[in-house]
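The values are calculated or read from the model by the stated rules, or taken from the named source; none is laboratory data. This is a predicted model, so every value here is computed, not measured. Cβ sites come from the backbone with ideal geometry, for glycine too, and all protein chains shown count toward neighbours.
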């Protein structure tokens with residue numbers, strides 16, 4: 001049988017790091033949104049399961065947390081983007097704010113600058129995202145204001 005199967009990443013996904021309070025909020029969001037978008041909820045549950053949790057004061061600055069600005073490259077298309085990772089209520093793609101409850105947002109949380117991850121997009125196609133830089137929330141807010 002020659003059935004087409006989705007492309008899978010050969011390498012395991014890296015350990016990610018999260019702020020413990022954000023992990024709780026993301027889990028609650030995933031539970032709330034599970035019926036509406038079960039695929040993204042499942043991706044978030046998988047992220048939470050492989051995360052190492054830290055207090056807000058001890059997480060390194062080069063880790064993607066909520067409200068961080070993230071510069072990344074889609075290795076397949078070559079496109080480079082800078083987005084702020086936010087909760088759904090604050091999302092505004094025209095302002096460069098992407099929701100944690102999108103496939104790309106779920107893939108970015110907890111990543112470290114310099115890391116690469118194979119991650120599905122909305123269509124289920126695997127994309128390879130390389131984190132170029134991370135600007136922590138306090139620094140990002142100061143630069144904007």
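For region 109-121, filtered to residues that are assigned to a loop (DSSP other than H, G, I, E, B) and touching a helix residue (DSSP H, G or I) at 6+ places or on another chain (Cβ under 8 Å), the residue that is surrounded by the fewest Cβ atoms within 10 Å (Cβ to Cβ) is 121.
A quick yes/no check of all residues on (1) modelled with pLDDT under 90; (2) touching a strand residue (DSSP E or B) at 6+ places or on another chain (Cβ under 9 Å); (3) over 13 Å from residue 16 (Cβ atoms):
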| residue | (1), (2), (3) |
| --- | --- |
| 30 | no, no, yes |
| 38 | no, no, yes |
| 51 | no, yes, no |
| 93 | no, yes, yes |
| 122 | yes, no, yes |
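All conditions but one from (1) out of contact with any strand residue (DSSP E or B) (no Cβ under 7 Å at 6 or more places or on another chain); (2) surrounded by 13 or more Cβ atoms within 10 Å (Cβ to Cβ); (3) over 20 Å from residue 56 (Cα atoms) apply to residue 106; the one that does not is (3).
With respect to (1) at pLDDT below 95; (2) within 16 Å of the chain's Cα centre (by Cα), the lone exception for residue 97 is condition (1). Only one residue in 100, 59 is within 17 Å of residue 19 (Cβ to Cβ) and out of contact with any helix residue (DSSP H, G or I) (no Cβ under 8 Å at 6 or more places or on another chain), so which one is that? Going through 100, 59 in turn, the sole match is 59.
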